[in-house]
Structures are given as C-alpha cells and as structure tokens.
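For reference, the structure is listed below as structure tokens.
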Amino acid sequence: MDSFIPLLLVVLISLAYCCVGQRKDSEEDGKLSFLAVGDAGGFNYAPYYTKNLENVAKQMGKTAKKTHAKFVIGLGDNFYWKGVKDVHDFRFNATFENIFRAPSLHRTKWYMLAGNHDYLGNVSAQIAYTKVSRRWHFPDFYYTTVHRIGGTCKTVQIVTIDTTLLCYKGGGIYPGKREQYRWLNEILRNSEADYLVVAGHHPVYSIGMHGSNVCLNDKLRPLLEKYDVTAYLSGHDHNMQHFKPLYSNVHYLVSGSASNHNQLQYNKHKVPLNSLRFFNGKTGGFTLLQATPRHLTVSFIGSHGKILHTEKIPPRKTRPCSKKNTKAPFIIEDFEDSVLGAFFGLQEDNELRQHQRERHTGMNG
C-alpha cells in the first residue's frame, strides 16, 4: 500500500499536465467568488449554536455551491462568549465543524481572524487549529493572501488584521500595536492587486450598538484611504451595513449577523453625512463577493437566501494580461487543491477521527 500511494500521485499529476491543452473554459473562468461571515460564535452553552447560525450556515453552503466559492473569510468572534481553551476544545466541532458542514464549505479554505470575544480565551489555540483542520486557515494574528481571478492575471489581495491588538491588547505576549501598524502600512503600500480587501473584526463605521470605532478612524482609516483599498470588511455589530463616504473610494462593510442579529441604531447620526447605503438588522446573513476583471460585486444575503443589497465596485487599476499567465499554471493549482488536497485531506481526517476517538475513550475511562 505504501508503494502504491506515490505511484498513484505520479499518475494523477501526469494526467493533469497532459490535459492542460485540452481544458475548456469553465464557470469559474473570469470570476473569483468568496464569502465573508462575522460573529459566528454561537453560544457557550448547549447546543453551542443558534438557530440563526444554523440557517446562515445552510444558506452559505447553497451559495458556495452555486457560485463555486473558493474561500470564506471569518470576521472574528468565532466562539462566544469566551473563545476556546486549547486546540482540542470541543467548541471547534460544536460551533464550527458540525455547523458549517455543507460539502461546498468543506472544499473551501476558511481564512480566520480573532475578535474581542476570542481574546477572552486562547487565540493561540485558534491559530494552532490550522494544523488540525484541513479548511481552517489562521496562520498568525495578521497575514495576507493573494488570489487570482480564474483565467486571468487579475488578482484579489486579502489583508487580514487584528483590530483587538491594533487598538486594545497589543504588546506583552502579543505582537505590538506599532509592529502591526508598520506591517500593514508596508503590505498596503506594496500591493499591486486589482482589488485590495482588508478584513478586521471591529468596524470603522457603524450606526449599530457599538458604533464607529474611534481608534480605527484614527489609525486604520487613513491607511485605507491613502493606499486606495477597495473595501474594508468587519463584524462586531450584529447586523449588515454598507458605507461609502462621499470623499472616499473605500467601501466599508459590516457583516456581523451570523449568530444573532438586532436592529439597534444607537449611532445613526455619528457617521459621515450620506455615507450609509444599506442597513439590515431584521435577519441574520453573510456576504458574497465576486471579482471579475471589470468589477467586484458585493452582495449581502439573508439567512433565508434572499439577496438584500448589491453593489458593484470598480478595480483599483487595470493591467494588461499576458496569455502565458492565464491558463496552464491555474490548471495545476486547481488540480492540486481539489484532487491532491482531497486525497491528503482524507488521510488527515482519518487521523483526526482516530485522535478524537482516543480522546473520547480517555475521557470515559
């Protein structure tokens, strides 16, 4: 069996290369779809999730399947109310793995970040869980990834930041505030992406219960404006909001109604005049983002599956595409992600299940 596995991989890779020239355009060519969901932390007592979260997860699964979503951005407060204790905490299964169980959501990577409630527990354990789960991707407190739009050389860059460290807890055992700020400034300054999206937990602007964040308005917003960021994604307030100040090219999006939602508008008159384009607190929901060479379409989708609001955002710039950059490299990447990823993921899942059985046996013993 051990000798058969390498042979199988060689055959599969050879087939992938020989079929590159025969590839036909697919639904994914010319478009990159991904989801964003905030405040999906459920509850800290049984069943450890809400009915709203369950409905949102089901609709996310349907949307991910329909749009061929490549990844999901988790916008923090991943586990209410006090995060997780360690990498083996049962909440990873009870509130994440067992809830977002649609096959389409298992095929995607989940790019995670921490919220303020996660810091009431062990954020390092959430980072370490990256080595346990095939889809959970949380390599550091802040990080960046670049994704190509299928069949083109156009790119979407996701910059994942930690707003709790940036404004409240930086330093000591955590990366310092200045360290993250310098890193962010460098990343944004050097970005050549056609769409540049920054994701953090706390909102820059909000009319909801928590309101706009003074610290982020002072520290983050100037960078977003200076480097022509396409959109800033956040959660924290349990609703969906869209802001576009008249003086700015940046779209500020709040998507924090995965577990709970409310219609509180305590800060309605504390945002830039005429900047609010959409608000919904009546239902839970999530955000769908679809990038093409012409625009980034942002859609807020309710827990019932209805599109509540849509906005098309132009790219930061245009770059001519070279044919040599548009076809063959993507075939191999797609092949490795789907076939080899599934193969090794199956081995990883078996190992994880064995580990869980051993833990369960030990707990009952």
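Would you please name the residue that is surrounded by the fewest Cβ atoms within 10 Å (Cβ to Cβ), looking only at residues in segment 243-265 that are under 24 Å from GLY42 (Cα atoms) and not polar (S, T, N, Q)? Even if it seems obvious, please write down each step before you answer.
Of segment 243-265, the ones under 24 Å from GLY42 (Cα atoms) are 253-265.
Now restrict to residues that are not polar (S, T, N, Q): 253-254, 256, 258, 261, 264.
Details: LEU253: 30, VAL254: 32, GLY256: 33, ALA258: 32, HIS261: 24, LEU264: 15.
It comes out as LEU264.
When residues in segment 88-104 are screened for being farther than 15 Å from TYR45 by Cα, surrounded by fewer than 21 Cβ atoms within 10 Å (Cβ to Cβ) and touching a helix residue (DSSP H, G or I) at 6+ places or on another chain (Cβ under 7 Å), 3 of them pass. Listed by first and then second residue, the pairs linking a residue in segment 100-129 that is in a strand (DSSP E or B) to a residue that is surrounded by fewer than 17 Cβ atoms within 10 Å (Cβ to Cβ), with Cβ atoms under 9 Å apart and 6 or more places separating them unless they lie on different chains, are LYS109/THR145; LYS109/ASP337; TYR111/THR145.
On the given criteria, is TYR80 in contact (Cβ under 8 Å) with a residue 40 or more places away in the chain, aromatic (Phe, Trp, Tyr), out of contact with any Asp or Glu (no Cβ under 7 Å at 6 or more places or on another chain) and farther than 30 Å from GLY151 by Cβ?
Values: in contact (Cβ under 8 Å) with a residue 40 or more places away in the chain: yes; aromatic (Phe, Trp, Tyr): yes; out of contact with any Asp or Glu (no Cβ under 7 Å at 6 or more places or on another chain): yes; farther than 30 Å from GLY151 by Cβ: yes.
Against the criterion (in contact (Cβ under 8 Å) with a residue 40 or more places away in the chain, aromatic (Phe, Trp, Tyr), out of contact with any Asp or Glu (no Cβ under 7 Å at 6 or more places or on another chain) and farther than 30 Å from GLY151 by Cβ), TYR80 qualifies.
Taken residue by residue, segment 167-185 has no member that is part of a loop (DSSP other than H, G, I, E, B) and at pLDDT 95 or above. So which residues in segment 124-167 are surrounded by fewer than 19 Cβ atoms within 10 Å (Cβ to Cβ) and in contact with a Cys (Cβ under 6 Å, 6 or more places away or on another chain), if there are any at all? Listed by number, the list holds a single entry, CYS153.
Under the condition of being outside any loop (DSSP other than H, G, I, E, B) and not polar (S, T, N, Q), the residues counted in segment 278-304 number 12. Residues in segment 74-83 that are surrounded by fewer than 24 Cβ atoms within 10 Å (Cβ to Cβ) and not basic (Lys, Arg): TRP81 only. Against the definition (of a type outside the set (D, E, K, R), touching a Pro at 6+ places or on another chain (Cβ under 9 Å) and at pLDDT 95 or above), how does ILE127 come out, yes or no? Criteria met by ILE127. Do the conditions hold for GLY170, that is, is it buried (at least 17 other Cβ atoms within 10 Å of the Cβ), touching a residue at least 60 places away in the same chain (Cβ under 8 Å) and of a type in the set (Gly, Ala, Ser)? Considered against the rule, which asks whether it is buried (at least 17 other Cβ atoms within 10 Å of the Cβ), touching a residue at least 60 places away in the same chain (Cβ under 8 Å) and of a type in the set (Gly, Ala, Ser), GLY170 comes out as no.
The values are calculated or read from the model by the stated rules, or taken from the named source; none is laboratory data. Model, not experiment: these values are computed from the prediction. Cβ atoms come from the backbone with ideal geometry, glycine included; neighbour counts cover every protein chain shown.
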